[in-house]
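Undergrad: Below is one structure. I have some questions about it.
The values are calculated or read from the model by the stated rules, or taken from the named source; none is laboratory data. As the structure is a prediction and not an experimental result, all values here were calculated from the model. For neighbour counting, all protein chains shown are included, and Cβ atoms are generated from backbone atoms with ideal geometry for every residue, glycine included.
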Amino acid sequence: MTRKLHLLPVEAYTSRDWFDREMRDIFSKTWRYAGFMEDVSEPGQYITVQAGLNNIFIVMGRDRRLRAFHNICRHRGTQLIRAVGKTQKALTCPYHDWTYDLEGNLISIPEEEEEFGKVDKSCLGLKPARVDIWKSMIFVHPDPDAPSIAEWFGPVEPHIGPHVPEELVEYEDLNTSYEIKANWKIVVENYIDVYHLSHLHSSTLQMYDHKAGKFHWEGPHYMFWEPPVDAFLKDQESKLIAPRVIPKDMNGAWVPMLFPGIGLAGSEEGWNIFIIEPLGPELTRVSNRGRVSNSSGWEFTKQSMKSSMFWTKFGLSGKYEAHDAMSEDDPMVAGDFTGEDIYACEQQQKSLKSPYFETGPAAVGESQVVEHQRVILEWLGDDE
Amino acid sequence: MSQRNFHPLTILGTREEIGGMAKTVMFDVPDALRETFAWRAGQHLSFRFLINGEEQRRSYSISSSPFTGDPLRITVKRVKGGVVSNHINDTGQKGDVIDVMPPFGSFCLDPGENTRRTHYFFGAGSGITPLYAMLSSVMAAEPNSFAHLAYGNNNEKSVLLLDELNTVWETNPERMSIHHVFSKPGFWSSADYWRKGIVDKPVIEALIAENPPYAQDAQYYVCGPGGMNAAVKAVLMSLDVPAGRIHMESYGGVGEVDTSVEGIAATASVTLGGKQHVVDIAKGQTVLEAAKVAGLKPPFSCQSGVCGACRATLADGTVHMLARMALEDRDISKGAILTCQSLATSEKLTVKYD
Ligand code: FES
Ligand code: FES
Ligand SMILES: [Fe+2]
């Protein structure tokens, strides 16, 4: 009998073969997060992003429109540009100096006459990809004719909260990125597991009422919302650590996981993203960024002073007591829910290798985990 | 052929604009003609009038959106000495019956429910009429898209459809913006305008810089008098806008006329209304003129290459077109010609009116 984690075989979380199929059939065929809109906001500025098997760069023209191209020189395929930067009007390949304009047209070939005779440059333009901005985030799709981003994310819009990220400003301290030694699906499953909230995070996320949480699916996208607990709701204005960004009648934590691996987390005080990027079968990168109210520094100071009283008493703390700490920075003691999640993911991944590994039944609050596995099977084209 | 025939339509009502200098004329389209007169935002209508015993044909852009429940209508500004524009402004009234050819033209914006675009509109004077139809269609039927308009006029007294423009803007403040550019703003004017001058390079650059595209599929539409279209297009292209994203309609002006080729005498097989005719074309004569001389009744309106009413398909042979404003490169590559502008350059032609 194959050992399974609910619907998926253990290999789905450990093997190179599964990883390659997911790269090809999921991450190369969906809209991929590339950055915040501020990252490319001047003509000539560009960034690159890995979308499954595709390396794509995004550049802004003088018309302030973004264009996206596959980052492959049409001569011999050399990567055209690196990470981030700024150009004037043209992109030159480092290998033999073929040069393209910002529309992707090949405009010059060194020593064209001697080396090639006549080249029909019009057939050697860069291959375009699709790019758009949604909720202040830049997204790319490797296929220039892919359905619009409105079609892909449109159905989730009514369910992901009233935040208007375009009107919020980035808060640099929230820009973090770290690697987790676990398969990307383990990280997604952790993000959408409602059951673990009141257990693993019993002392870090208790300001929300997990039992009253509501979740459902919109196609491959997972929707989740939970209301604040009474203790946090009462006189909430004095408890928010940053100025409020949503109306009171829409209070709560809005935490959807869009497909594939695009987590959002909006609350009364801000709006964050949690981007899951598979690096290998057992290695995943998570990138976080966040936005807060566009208020003055003084507003923030006042708000955080006002709220500090409440939070001291409300008591965020670690899952384990300090005397049980295994090291100075034991995540299970630190009182930070992210550390708790990373710990749980990595421990779970380790156990997958054990010949004795076997899963127990899925709780009601874990039904979402199973559903995500079903979505994966569907995209890989082998639903049972 | 009912698509290129004239049909009598009754005027449903009229409305005076800008102090009597222009008039909006609404038409009653009977149920039987609904399909024939279904229109796309940006298209125009051709009209036939008998004024002082002479037949006059003119085309006017439709100034309403097919998605807002508004009636089919045009908005006609008086042209100094203009026979037809003044006739419409002086006499057009409810109950009149006018000969109208069904909607036509490829300067169009077709909204899509899931389409997500940023539309930039550049207009001046009466050029607003198709742009207003497009803009209000985007707001009514393309909910994921954005629109920005730069609209040039002398001053606030010459702004056509101002109330309607303000209404769509007030209804959709998050998705659109309107920027008035006045060349001669009155001193006493309290009306808000964005910039003084005309819709030129600084204005276009400022519009885009202040309203960068949010949806990245950006499209640009230009409709103004005289040389405005070509000038705006040149500016857009200097800002890296690819030509395929720029859409234009010449209003009033004829655009470029290419008289470098003289044409030759030829014989044409002309299919019209399903019947085939043999038509002799004299040197220097257009295909349309030749067909009329031969006693056929081919469709036409402006006879200056602007409206597209005389369009046909060239199945065989070659022609030279003097002007071709009404056609996009795409149409031409599929064999479309404007018969009113076509001189034969091969001795045999096969022309089909569709
Ligand atoms: S590979 Fe790019 S120029 Fe040769
Ligand atoms: S009649 Fe108008 S283009 Fe020929
Ligand atoms: Fe968690």
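Undergrad: Hey, can you tell me all the residues within the stretch A:141-153 that are touching a strand residue (DSSP E or B) at 6+ places or on another chain (Cβ under 7 Å) and part of a helix (DSSP H, G or I)?
TA: If the condition is that a residue be touching a strand residue (DSSP E or B) at 6+ places or on another chain (Cβ under 7 Å) and part of a helix (DSSP H, G or I), then A:Ile149, A:Phe153 are the ones that fit.
Undergrad: To continue, here is another question. Please go through the stretch A:154-166 and give me each residue that is within 11 Å of chain B (Cβ to nearest Cβ) and either out of contact with any strand residue (DSSP E or B) (no Cβ under 8 Å at 6 or more places or on another chain) or of a type in the set (Gly, Ala, Ser) (or both), ordered by number.
TA: Once the filter is applied, which keeps residues that are within 11 Å of chain B (Cβ to nearest Cβ) and either out of contact with any strand residue (DSSP E or B) (no Cβ under 8 Å at 6 or more places or on another chain) or of a type in the set (Gly, Ala, Ser) (or both), the stretch A:154-166 yields A:Gly154, A:Glu157, A:Val164, A:Glu166.
Listed here are the residues, each with its yes/no results for (1) among the hydrophobic types (A, V, I, L, M, F, W, C); (2) within 14 Å of another protein chain (Cβ to nearest Cβ); (3) crowded, with 21+ Cβ neighbours inside 10 Å.
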{"position": "A:Met60", "(1), (2), (3)": "yes, yes, yes"}
{"position": "A:Asp63", "(1), (2), (3)": "no, yes, yes"}
{"position": "A:Ala68", "(1), (2), (3)": "yes, yes, yes"}
{"position": "A:His75", "(1), (2), (3)": "no, no, no"}
{"position": "A:Leu80", "(1), (2), (3)": "yes, no, yes"}
{"position": "A:Thr87", "(1), (2), (3)": "no, yes, no"}
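Undergrad: Quick one: which strands (runs of 3 or more DSSP E) lie wholly within the stretch B:217-322 and hold at least 1 residues that are within 30 Å of A:Glu103 (Cα to Cα), touching a helix residue (DSSP H, G or I) at 6+ places or on another chain (Cβ under 6 Å) and hydrophobic (A, V, I, L, M, F, W, C)?
TA: B:218-225, B:246-251
Rundown of residues vs (1) at pLDDT below 95; (2) away from ligand 2 (no atom under 16 Å from the Cβ); (3) part of a loop (DSSP other than H, G, I, E, B), yes/no style:
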{"site": "B:Ile11", "(1), (2), (3)": "no, yes, no"}
{"site": "B:Phe37", "(1), (2), (3)": "no, yes, yes"}
{"site": "B:Arg40", "(1), (2), (3)": "no, yes, yes"}
{"site": "B:Phe47", "(1), (2), (3)": "yes, no, no"}
{"site": "B:Val79", "(1), (2), (3)": "yes, yes, yes"}
{"site": "B:Met101", "(1), (2), (3)": "yes, no, no"}
{"site": "B:Ser106", "(1), (2), (3)": "yes, no, yes"}
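Undergrad: Something else now. Only residues that are of a type in the set (Val, Ile, Thr), within 26 Å of A:Val49 (Cβ to Cβ) and out of contact with any Gly (no Cβ under 9 Å at 6 or more places or on another chain): list them for the stretch A:85-126, please.
TA: A:Thr92, A:Thr99, A:Ile107
Undergrad: Still on this structure, I have one more. Condition (residue is more than 15 Å from ligand 3 (Cβ to nearest atom), closer than 28 Å to A:Leu205 by Cα and either outside the structural domain of A:Thr176 (by TED's automatic domain parsing) or not in a helix (DSSP H, G or I) (or both)) applied to the stretch A:369-380: is it met by at least one residue?
TA: Among the residues of the stretch A:369-380, not one is more than 15 Å from ligand 3 (Cβ to nearest atom), closer than 28 Å to A:Leu205 by Cα and either outside the structural domain of A:Thr176 (by TED's automatic domain parsing) or not in a helix (DSSP H, G or I) (or both), which makes the answer no.
Undergrad: Could you grab me the full set of residues in the stretch A:38-83 that are within 30 Å of A:Trp379 (Cβ to Cβ) and in contact with a helix residue (DSSP H, G or I) (Cβ under 8 Å, 6 or more places away or on another chain)?
TA: Passing the criteria: A:Ile47, A:Ala51, A:Gly52, A:Leu53.
This table checks each residue for (1) away from ligand 2 (no atom under 16 Å from the Cβ); (2) exposed (fewer than 14 other Cβ atoms within 10 Å of the Cβ); (3) of a type outside the set (Gly, Ala, Ser).
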| position | (1), (2), (3) |
| --- | --- |
| B:Tyr221 | yes, no, yes |
| B:Glu249 | no, no, yes |
| B:His277 | yes, no, yes |
| B:Lys297 | no, yes, yes |
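Undergrad: List the number of the failed condition for A:Thr30; all other conditions in (1) away from chain B (no Cβ under 14 Å); (2) surrounded by 13 or more Cβ atoms within 10 Å (Cβ to Cβ); (3) within 30 Å of A:Gln373 (Cβ to Cβ); (4) out of contact with any Phe, Trp or Tyr (no Cβ under 7 Å at 6 or more places or on another chain) hold.
TA: So the condition that A:Thr30 fails would be (4).
Undergrad: What do you reckon, is A:Met23 within 13 Å of another protein chain (Cβ to nearest Cβ), under 21 Å from the mean Cα position of the chain (by Cα) and either in contact (Cβ under 8 Å) with a residue 24 or more places away in the chain or within 23 Å of A:Glu151 (Cα to Cα) (or both)?
TA: The answer is no for A:Met23.
Undergrad: Still on this structure, please answer the following. Taking only the stretch A:350-367 into account, find how many residues are in a helix (DSSP H, G or I) and closer than 10 Å to A:Val10 by Cα.
TA: 1
Undergrad: For residues in the stretch A:330-347 being of a type in the set (Gly, Ala, Ser) and touching a residue at least 12 places away in the same chain (Cβ under 8 Å), which is farthest from ligand 1 (Cβ to nearest atom)?
TA: Applying the filter and picking the extreme gives A:Gly335.
Undergrad: With the requirement that a residue be modelled with pLDDT under 85 and not basic (Lys, Arg), what does the stretch B:309-326 give you?
TA: Passing the criteria: B:Ala323, B:Met325, B:Ala326.
Undergrad: Among (1) away from chain B (no Cβ under 11 Å); (2) assigned to a strand (DSSP E or B); (3) not charged (D, E, K, R), which single condition is A:Ile138 missing?
TA: It is condition (1) that A:Ile138 fails.
Undergrad: Within the stretch B:223-234, which residues are buried (at least 18 other Cβ atoms within 10 Å of the Cβ) and within 14 Å of another protein chain (Cβ to nearest Cβ)?
TA: Correct list: B:Val232, B:Lys233.
Undergrad: So A:Glu151 fits all but one of (1) under 30 Å from A:His96 (Cβ atoms); (2) surrounded by fewer than 21 Cβ atoms within 10 Å (Cβ to Cβ); (3) more than 16 Å from ligand 1 (Cβ to nearest atom); (4) within 14 Å of chain B (Cβ to nearest Cβ); what number is the exception?
TA: Single failed check for A:Glu151: (1).
Undergrad: Condition (residue is touching a strand residue (DSSP E or B) at 6+ places or on another chain (Cβ under 6 Å) and in a helix (DSSP H, G or I)) applied to the stretch B:137-156: is it met by at least one residue?
TA: Yes, that holds for at least one residue.
Undergrad: Name the strands (runs of 3 or more DSSP E) wholly within the stretch A:233-342 that hold at least 1 residues that are in contact with a Lys or Arg (Cβ under 9 Å, 6 or more places away or on another chain) and not aliphatic (A, V, I, L, M)?
TA: The qualifying strands (runs of 3 or more DSSP E) are A:270-280, A:283-292.
Undergrad: Here is a further query. Does the stretch B:283-302 contain at least one residue that is more than 16 Å from ligand 3 (Cβ to nearest atom), at positive phi and free of Cβ contacts under 8 Å to residues at least 12 places away in the same chain?
TA: Yes: the stretch B:283-302 contains one or more residues that are more than 16 Å from ligand 3 (Cβ to nearest atom), at positive phi and free of Cβ contacts under 8 Å to residues at least 12 places away in the same chain.
Undergrad: Of the numbered conditions (1) farther than 14 Å from B:Leu131 by Cβ; (2) among the hydrophobic types (A, V, I, L, M, F, W, C); (3) at pLDDT 95 or above, B:Leu207 satisfies every one except a single condition; which is it?
TA: For B:Leu207, the exception is condition (1).
Undergrad: Just to be sure before I move on: is A:Val169 assigned by TED's automatic domain parsing to the domain that holds A:Leu352, touching a residue at least 24 places away in the same chain (Cβ under 8 Å), hydrophobic (A, V, I, L, M, F, W, C) and surrounded by fewer than 17 Cβ atoms within 10 Å (Cβ to Cβ) in the structure I sent?
TA: So A:Val169 fits the description; yes.
Undergrad: Another question, then. Please count how many residues of the stretch A:117-135 are part of a loop (DSSP other than H, G, I, E, B) and over 30 Å from A:Leu168 (Cα atoms).
TA: Final tally of qualifying residues: 8.
Undergrad: Still on this structure: Kindly indicate whether any position in the stretch A:55-70 is within 16 Å of ligand 1 (Cβ to nearest atom), touching a residue at least 12 places away in the same chain (Cβ under 8 Å) and under 30 Å from A:Ile192 (Cβ atoms).
TA: Yes, because at least one residue in the stretch A:55-70 is within 16 Å of ligand 1 (Cβ to nearest atom), touching a residue at least 12 places away in the same chain (Cβ under 8 Å) and under 30 Å from A:Ile192 (Cβ atoms).
Undergrad: Another question about this same structure. Please go through the stretch B:92-104 and pick out each residue that is closer than 14 Å to B:Pro299 by Cα and either among the polar types (S, T, N, Q) or in contact with a Cys (Cβ under 8 Å, 6 or more places away or on another chain) (or both).
TA: Across the stretch B:92-104, the qualifying residue is only B:Phe104.
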